[in-house]
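Trainee: Pasting a structure below so you can have a look.
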């Protein structure tokens, strides 16, 4: 095997909920010569990214770039958008929405929770009832709960929150951006945060947040925002086409290439492709005698959580698929073994999905 590139025979195609497959052109974009992050070359790159990111998020507002996973931007939203003595309402129906609530608590925020059973969606009626009962500085919602395969009705929830002018809407769209409908401005999302390694189909290590003027004004009222994730610090440097701390320069070269590809495909076409793949996987799961963990009407277009009603040995399935050059994911947390997850996001095609499903069928038939 060459010492300067991986053996292509060892390549395992990822049908995971993230990280996902990254196109060779995007991988190659990371291999360019390094530039200084205070140089004119970097500022030009950073300036090129901003209109592309705004188009991706469908926003006229700024999009901050963070050298972190999406979890870092949970902290940014919680620290910057909730004033002292004011509560934040977290909508929890899976592992990641629960963890964001824990992050808010870890940052000293007063947290109330609306909780739904794993596999069930949070409804706008639940949010409306909570907002009538108490004034909140912010509502924190997860659009696509990666642990359960539930797509919460974010647009309808946003319409409820908009009826409360002093309440910001903070949205985790980590596994939905570039794979599900997301008109950030039209829905009135104040902080819309995501990371690179899901449907955007970049390597891990960079995260993005579309931040409204309202959210930026709120941050100015909040003391002790920290530094690394402070929206006001990020804004100051964004105005100069820079970041406060050293950015992941190679990843941003990759993002420049990948965002061009996403926008060339077209967001509407990309969302339709993801929905078609989701429907294919869901139909296969039911036809193969499995169940679907997420409730009907709220199933994710980017990841399907299959209920393991047949009691198959996931470890054996995983080992078999790897001999065929593919990988899927076990259930997350308490759902391990009870479910398994198939990611159909990013640059995966319907033909790729069919190849995977044929391989699982072969395993079920005895290999």
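Trainee: Within the range 178-188, can one find any residue that is crowded, with 24+ Cβ neighbours inside 10 Å, assigned by TED's automatic domain parsing to the domain that holds residue 147 and within 11 Å of the chain's Cα centre (by Cα)?
Mentor: We begin by selecting, within the range 178-188, every residue crowded, with 24+ Cβ neighbours inside 10 Å; these are 178-179, 182, 184.
Filter once more, keeping what is assigned by TED's automatic domain parsing to the domain that holds residue 147: 178-179, 182, 184.
Then drop every residue that is not within 11 Å of the chain's Cα centre (by Cα), which leaves 178-179.
Checked the range 178-188: at least one residue is crowded, with 24+ Cβ neighbours inside 10 Å, assigned by TED's automatic domain parsing to the domain that holds residue 147 and within 11 Å of the chain's Cα centre (by Cα).
Trainee: Where in the range 71-158 are the strands (runs of 3 or more DSSP E), entirely inside, with at least 1 residues that are farther than 21 Å from residue 184 by Cα? If you could, list the steps in order and put the result at the bottom.
Mentor: Details: elements: 87-92, 110-115, 138-142.
In the range 71-158, 87-92, 110-115 are the strands (runs of 3 or more DSSP E) which contain 1 or more residues that are farther than 21 Å from residue 184 by Cα.
Trainee: Moving on to the next point. For the range 326-352, what are the residues that are farther than 17 Å from residue 293 by Cβ, in contact (Cβ under 8 Å) with a residue 24 or more places away in the chain and either surrounded by fewer than 21 Cβ atoms within 10 Å (Cβ to Cβ) or assigned by TED's automatic domain parsing to the domain that holds residue 146 (or both)?
Mentor: Result: 326, 327, 347, 349, 350, 352.
Trainee: Hey, among the residues in the range 180-197 that are touching a strand residue (DSSP E or B) at 6+ places or on another chain (Cβ under 8 Å) and part of a loop (DSSP other than H, G, I, E, B), which one's nearest to residue 219 (Cα to Cα)?
Mentor: 190
Trainee: Within the bounds of the range 19-31, is there any residue that is buried (at least 20 other Cβ atoms within 10 Å of the Cβ), in contact with a strand residue (DSSP E or B) (Cβ under 8 Å, 6 or more places away or on another chain) and closer than 29 Å to residue 304 by Cβ?
Mentor: Yes: one or more hits.
Trainee: Looking at 15, 42, 46, which one is under 20 Å from residue 67 (Cβ atoms), touching a strand residue (DSSP E or B) at 6+ places or on another chain (Cβ under 9 Å) and either modelled with pLDDT under 95 or buried (at least 19 other Cβ atoms within 10 Å of the Cβ) (or both)?
Mentor: Working: 15 fails: under 20 Å from residue 67 (Cβ atoms); 42 fails: touching a strand residue (DSSP E or B) at 6+ places or on another chain (Cβ under 9 Å).
On inspection, the qualifying residue turns out to be 46.
Trainee: Specify the residue that is surrounded by the most Cβ atoms within 10 Å (Cβ to Cβ); the eligible residues are those in the range 235-254 that are over 22 Å from residue 197 (Cα atoms) and touching a residue at least 40 places away in the same chain (Cβ under 8 Å). First the steps, then the outcome.
Mentor: Residues of the range 235-254 over 22 Å from residue 197 (Cα atoms): 235-242, 244.
Retained after the next criterion (residues that are touching a residue at least 40 places away in the same chain (Cβ under 8 Å)): 235, 238, 240-242.
Numbers: 235: 15, 238: 19, 240: 11, 241: 16, 242: 17.
Of everything passing the filter in the range 235-254, 238 is surrounded by the most Cβ atoms within 10 Å (Cβ to Cβ).
Residues are listed down the side, and each one gets a yes or a no for (1) buried (at least 20 other Cβ atoms within 10 Å of the Cβ); (2) at pLDDT below 95; (3) touching a helix residue (DSSP H, G or I) at 6+ places or on another chain (Cβ under 6 Å):
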{"site": "119", "(1), (2), (3)": "yes, no, no"}
{"site": "130", "(1), (2), (3)": "no, no, no"}
{"site": "141", "(1), (2), (3)": "yes, no, yes"}
{"site": "151", "(1), (2), (3)": "yes, no, no"}
{"site": "155", "(1), (2), (3)": "no, no, yes"}
{"site": "163", "(1), (2), (3)": "no, no, no"}
{"site": "166", "(1), (2), (3)": "no, no, no"}
{"site": "209", "(1), (2), (3)": "yes, no, yes"}
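Trainee: List the pairs whose first member sits in the range 211-226 and is without any contact (Cβ under 8 Å) to a residue 60 or more places away in the chain and in the same structural domain as residue 169 (by TED's automatic domain parsing), whose second member is part of a loop (DSSP other than H, G, I, E, B) and crowded, with 21+ Cβ neighbours inside 10 Å, and whose Cβ atoms are under 8 Å apart, counting only residues at least 6 apart or on separate chains?
Mentor: Taking only residues 6 or more apart or on different chains, the pairs are 214/190.
Trainee: Something else: Pick from 51, 87: which is surrounded by fewer than 23 Cβ atoms within 10 Å (Cβ to Cβ), in the same structural domain as residue 115 (by TED's automatic domain parsing) and closer than 29 Å to residue 223 by Cβ?
Mentor: Working: 51 fails: closer than 29 Å to residue 223 by Cβ.
Residue meeting the stated conditions: 87.
Trainee: When you look at residue 104, is it crowded, with 22+ Cβ neighbours inside 10 Å, in the same structural domain as residue 170 (by TED's automatic domain parsing), within 21 Å of residue 229 (Cβ to Cβ) and touching a residue at least 24 places away in the same chain (Cβ under 8 Å), yes or no?
Mentor: So residue 104 fits the description; yes.
The values are calculated or read from the model by the stated rules, or taken from the named source; none is laboratory data. Bear in mind that the values here come from a model prediction, so they are computed numbers and not experimental data. Note: ideal-geometry Cβ built from the backbone for every residue, glycine included; neighbour counts use all protein chains shown.
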